[in-house]
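Please read the structure below before turning to the comments.
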Amino acid sequence: DSGVTQTPKHLITATGQRVTLRCSPRSGDLSVYWYQQSLDQGLQFLIQYYNGEERAKGNILERFSAQQFPDLHSELNLSSLELGDSALYFCASSPRGVRETQYFGPGTRLLVL
Amino acid sequence: AQKVTQAQTEISVVEKEDVTLDCVYETRDTTYYLFWYKQPPSGELVFLIRRNSFDEQNEISGRYSWNFQKSTSSFNFTITASQVVDSAVYFCALSETSRDDKIIFGKGTRLHILP
């Protein structure tokens, strides 16, 4: 158990809908990262937050947004969902930055029908 | 441009054999970080190692070892005396300090350890 929790574990929704994925980092970790893993795109870094502020941005679509709250949990919002958004979404956390060990959550598997 | 290439899509070896997973990267930065991650069949991602560009010393952790060579832009991963539990997909990744911690992953190498 990495100490990083993600909810929900599975999500099935329809095209055009909006969903929110939630991540709670390990106690004391200030950085949260979001990754998307799909069959065609592989593993992609989406975005990183550090202590509530956006720190780095990867291949995150404009339809997606994220935020980190004062209690350090993070949410990834996916809107106007398309079939291609079906993927495994991972959250990870680290004490400060990417140059440290990252602890991954179990992932949220999203299926868009 | 920032790029990570894992040319080996899939490898199968018999248990107890040694196996090396290749990783070649491209970067214009002089300061960068390299990583390896493991994704077993259960699906979770496990962080294995990070190495900064100023430290070219090879690292060994049990049966795992990493060979970082800046001259060839490679960061290869070797498993000695492989075990069935090593079966997984392994990802190599790169982060350039000039790109605010953005991480680029390779496509991954699927490793099968046959009993």
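Coordinate-derived values only; no laboratory data. These numbers come from a predicted model, not from an experiment. As a convention, Cβ positions derive from the backbone with ideal geometry for all residues, glycine included, and neighbour counts pool all protein chains shown.
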Q | Residues of type lysines that B:Lys3 reaches as a straight line, Cα spacing below 20 Å, ignoring anything fewer than 8 places off in the same chain | A | A:Lys57, B:Lys38, B:Lys70, B:Lys102, B:Lys107
Q | Viscosity 1.567 mPa s, temperature 4 °C, Stokes-Einstein D of chain A from Kirkwood C-alpha radius, µm²/s | A | 94
Q | Volume of the Cα convex hull of chain B, divided per residue and given in Å³ | A | 93
**Q.** Net +/- balance of residues flanking B:Glu15 in space, Cβ distance below 14 Å, scoring K and R +1, D and E -1
**A.** -1
Q: Quick one: work out the % antiparallel among DSSP beta bridges in the protein assembly as shown, nearest 5.
A: 90
Q.
Using only alpha-carbon positions, what ratio does the radius of gyration of the protein assembly as shown give when scaled by 2.2 N^0.38 Å?
A. 1.01
(Q) Can you compute the charge dipole magnitude of chain B about its Cα centre, using +1 on each Lys and Arg Cβ and -1 on each Asp and Glu Cβ, nothing else charged? Give it in debye, rounded to the nearest 20. (A) 160
